[in-house]
Amino acid sequence: MTKFIAIIPARYASTRFPGKPLAILGGKPVIQRVYEQVIGMLDDAYVATDDQRIYDTVMNFKGKAVMTRSDHKSGTDRIEEAIGKINGDFDVVVNIQGDEPFIQQSQIEALCACFKNPDTQIATLGKPFSTIEALENPNSPKIVVDNHGYAMYFSRSVIPFVRGIDKSEWLEKYPFLKHLGIYAYRRDVLREITQLPQSSLEKAESLEQLRWLQNGYRIKVGITDVETVGIDTPEDLRKAEEFLKGLELTL
């Protein structure tokens, strides 16, 4: 039986929203919302942070946390340090963004299902685009997959280019996939990829996953119809409050 652990990287420092993990959403810190959403879906879950305030907050709501260095360049590096400090024999490490308080069980299940295939080294999620405007947004990376569901490339540009067709009809001609930034890695693969230097494609597109592809790692793409509701700015937090109220009204 494959054992899964969720690691939730959470930094206090953020250019667009300092202190974001401790911002209050529906009466609870954002990091608590994320943790409570994930705990129970997998075999275990920890918050990985470099900030004592975040660590203490997690401890206060009876969660699990581990302190990590402050000089990590990516959440992946932070996760690798964290998993090395946690006791337990886990096969797959799931990277849950610390600003995704509405991550759904169906998304986690789609991600974990990728590891039923023993060839899967890394997994992530894709969601079909629904509008041309969203497709053209460079902040929404696109994925091209092969016939077996493995990523061939990620780009901020619209890929592929549909030749000879008016752009307004592109969504009807090709199943464009939006990349959702949720990852899972086999334990040994996580250790390996965090030792890799930045690659030329990664630097060009500013997409960390291209480092792994460029070095020959295979990334399985699970498909979901559920959109993520991330929090990057104070304005996103206000939108999340409205979203949460809407959810509570439906319960």
Kindly provide log₁₀ I(q)/I(0) values, in the same order as q = 0.09, 0.10, 0.16 Å⁻¹, from the Debye equation applied to equal alpha-carbon scatterers of the chain.
-> -0.40, -0.49, -1.29
Backbone HN-Hα couplings from phi across the range 85-90 [Karplus 6.51/-1.76/1.60, Hz, Gly and Pro as x] | 9, 9, 6, x, 9, 9
The residues Thr194, Thr49, Thr124, sorted from fewest to most surrounding Cβ atoms within 10 Å, come out as Thr194, Thr124, Thr49
Partner lysines for Lys85 [C-alpha distance under 22 Å; skip if fewer than 8 residues away on the same chain] | Lys3, Lys62, Lys64, Lys73
When the C-alpha atoms of the range 104-227 are aligned to their principal axes, what extent does each axis show, in angstrom, from largest down?
-> 45, 34, 24
Under-5 Å amide H pairs with Ile219, H placed in peptide plane, nonlocal only = Ala151
What ranking, highest mean first, results for peptides 22-34, 133-145 when packing means the other Cβ atoms within 10 Å averaged over each residue?
-> 22-34, 133-145
Once every DSSP H run of n ≥ 4 in the chain is given -39500 (n - 2.57) and the sum is divided by its residues, what mean residue ellipticity at 222 nm do you get, rounded to the nearest 500 deg cm²/dmol?
-> -9000 deg cm²/dmol
When Lys3, Lys20 are ranked with the fewest other C-beta atoms within 10 Å first, the list becomes Lys3, Lys20
May I ask for the net charge around Lys85, where only other residues with Cβ less than 12 Å from the Cβ of Lys85 are counted and Lys, Arg are +1 while Asp, Glu are -1?
-> +1
³J(HN,Hα) computed for each position of the range 33-39 - Karplus, 6.51 cos²θ - 1.76 cosθ + 1.60, integer Hz, glycine/proline x = 4, 5, 4, 5, 5, 8, 4
Write down the Å³ per residue value for the convex hull defined by the alpha carbon atoms of the range 1-82.
-> 94
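Each reported figure results from applying straightforward, stated rules to the coordinates on display, with no laboratory input. Predicted model only: the values in this text are computed from it and were never measured. Glycine gets a Cβ as well: all are built from the backbone with ideal geometry, and neighbour counts include every protein chain shown.
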